[in-house]
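Engineer: Have a look at this one before I ask anything.
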Amino acid sequence: RESQDNPPPSAIPDNLPYVIYTSGSTRMPKGALLAHHNVVRLFRATDSWFHFRSDDVWTLFHSYAFDFSVWELWGALLHGGRLVIVPFEVSRSPQEFYELLCRERVTVLNQTPSAFRQLVQAEESVLDHNRLGLRLVIFGGEALDFQSLKPWFDRHGDQRPRLINMYGITETTVHVTYRVVTQADLSAGMTNLIGVPLPDLELYVLDCYRNLVPVGVPGELYVGGPGLARGYLNRGELTAERFVDHPFAAGKGRKLYRSGDLVRRRADGDIEYLGRIDNQVKIRGYRIELGEIEAMLAQHPSIRESIVLAREDSPGERRLVAYVVPNQQPVPSVDALRSFLQQQLPEYMIPSVLVFLESLPLTPNGKIDRKALPAPDHSRPELEETFVA
């Protein structure tokens, strides 16, 4: 006695396809509420840049608890492409993942910079570098050090595949900016450039009073437009704190999202990422930007990767610890690295301890897992500061 007709569609663009929890720097999980229209406009807005096709092959490399997976899943399915689901064990093995890319003829690869660096290292032992079918490599999730791409460019050039740096935020639907990275950027010493906003988004660089700052002056990045999430699930106070009234738009209801990221505009229109506002630490009265030390370590020819933390392994004893991954043997000495840093940085920014690692630990999302970095070994005196009277 029931109707034989199909039920009428009841879903609307404002319905939520997903809630993704992100802890960010607060370590307190908060669920970002994203609507169907947020995701659909992401691909419409970027179509003129990427021209995704039905013959594209994508990988689902990331956990679906990480918003990069939204881009991977719907980038393939909305364009009729093929999606290769990467087993977790394969995603943790750069050699096996490289073989999967070749075997499946993947054309669109999405990676965090940390995961891609391991893939580049794995390729060094491959004899035939022409087995890959990539046309695009898209970065997201972390700051990208352009200089780390040199080994890749030396083997593949910068035309096929094209390498794209996309800064993004979960609360603004995966991606916010776009920039093609070229070999010329490396020659010019460029690094941490995130490019221009997606065509349907607005970006503002503001000071602590939410006034626009001049070109070249650091400020906090605010994002506006149809990519903004509805807010946080059951976190009204936090939603009001992060999704603020638009100070430059007439009418009510327009919002900007406070990213918590420090950036500055360049004269050529590019936006340069400087780090998290809360990545600044205070040690012995000095305010220190950890990213500045990491950037300086990355310039040493023997260092492939580095992370600097302010650790307090003993109560009241806070100090800088640098974790470095060398790119050659023998590894540089601690004295040599300290001497290199001392030529560029003031003494209070020189790490007290240098720890050498074979690789940096990664989270399931492919980002650097800072919690998994080991405490310095106090039994190794060569890593400790030497007292000079």
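The values are calculated or read from the model by the stated rules, or taken from the named source; none is laboratory data. Since the model is a prediction, treat every value here as computed from it, not as a measurement. Note: ideal-geometry Cβ built from the backbone for every residue, glycine included; neighbour counts use all protein chains shown. Note: accessible area is taken over every heavy atom of the protein model, side chains too, but ligands, DNA and RNA are not part of it. Shrake-Rupley method; radii C 1.70, N 1.55, O 1.52, S 1.80 Å.
Engineer: Calculate for the chain the 222 nm mean residue ellipticity that helices alone would give, adding -39,500 (n - 2.57) per DSSP H run of length 4 or more and normalising by residue count, nearest 500 deg cm²/dmol. Don't skip to the answer; put the middle values down first.
Structural biologist: On the way: 10 runs with 87 residues, N = 389.
One gets -6000 deg cm²/dmol as the mean residue ellipticity at 222 nm.
Engineer: For Cα Rg over 2.2 N^0.38 Å, the choices are (1) 0.98; (2) 1.14; (3) 1.06; which was calculated from the structure?
Structural biologist: (3)
Engineer: Separate question: Averaged per residue, what accessible surface does the range 7-157 expose to a 1.4 Å probe, in Å²?
Structural biologist: About 46 Å² of surface per residue is accessible.
Engineer: Ok, one more. Test of understanding: in a Gaussian network model of the chain with alpha carbons linked when under 10 Å, which of Ala35, Ala250, Ala375 would top the mean-square fluctuation ranking?
Structural biologist: Per the Cα network of the chain with a 10 Å cutoff, Ala250 tops the list.
Engineer: Could you tell me which chymotrypsin sites (Phe, Trp or Tyr not before Pro) in the range 59-111 are loop residues by DSSP with no more than 14 other beta carbons within 10 angstrom of their beta carbon?
Structural biologist: Counting only loop positions with at most 14 other Cβ atoms within 10 Å, the chymotrypsin sites (Phe, Trp or Tyr not before Pro) in the range 59-111 are Tyr64.
Engineer: Under a Cβ-only charge scheme (Lys and Arg +1, Asp and Glu -1), can you give me the dipole magnitude of the chain about the Cα centre, in debye to the nearest 20?
Structural biologist: The calculated dipole for the chain is roughly 800 debye.
Engineer: For the range 115-211, count the residues as N, evaluate 2.2 N^0.38 Å, and divide the Cα radius of gyration by that value, please.
Structural biologist: Compared with the compact-globule rule of thumb, the range 115-211 sits at 1.24.
Engineer: Please give the length that would be gained between Ala310 and Arg1 if that part of the chain were fully extended, namely 0.36 nm times their separation in residues minus their C-alpha to C-alpha distance (nm, one decimal).
Structural biologist: Once the chain is fully extended between Ala310 and Arg1, it gains 104.2 nm.
Engineer: Right, here's the next one. Given Cα positions, please report Rg to Rh for the range 205-318, the hydrodynamic radius being the Kirkwood one.
Structural biologist: 1.06
Engineer: Residues of the range 139-181 with amide nitrogen under 16 Å from the 7 Å Cα-to-Cβ point of Arg103?
Structural biologist: Label zone hits: none.
Engineer: Another one. Sort 238-244, 256-262 by the packing proxy (mean of other Cβ within 10 Å over each peptide's residues), most packed first.
Structural biologist: 256-262, 238-244
Engineer: Here is a follow-up. Show me the ranking of peptides 221-231, 318-328 by mean Cβ neighbours inside 10 Å, starting with the highest.
Structural biologist: 221-231, 318-328
Engineer: What pairs in Lys255/Lys371; Lys30/Lys150; Lys30/Lys371; Lys252/Lys367 have C-alpha atoms more than 27 Å from each other?
Structural biologist: The pairs that break the limit, which is 27 Å between Cα atoms, are Lys255/Lys371; Lys30/Lys150; Lys252/Lys367.
Engineer: Which loop-located GluC sites (Glu not before Pro) does the range 1-106 contain, where loop means any DSSP state but H, G, I, E or B and the Cβ has at most 14 other Cβ atoms within 10 Å?
Structural biologist: Values: sites: Glu2, Glu72, Glu89, Glu96, Glu99, Glu104; in loops: Glu2, Glu104.
Qualifying residues, ordered by number: Glu2.
Engineer: Please identify, among His129, His175, His62, the residue showing maximal mean-square fluctuation in a Gaussian network model of the chain using a 10 angstrom Cα cutoff.
Structural biologist: So, out of His129, His175, His62, the one fluctuating most is His129.
Engineer: Can you divide the C-alpha Rg of the range 1-153 by 2.2 N^0.38 Å and report the result to two decimal places?
Structural biologist: The range 1-153 yields a ratio of 1.24.
Engineer: Out of the total accessible area of the chain (probe 1.4 Å, heavy atoms of protein only), what percent is carbon and sulfur?
Structural biologist: After summing per-atom areas, the C and S share lands at 51 percent.
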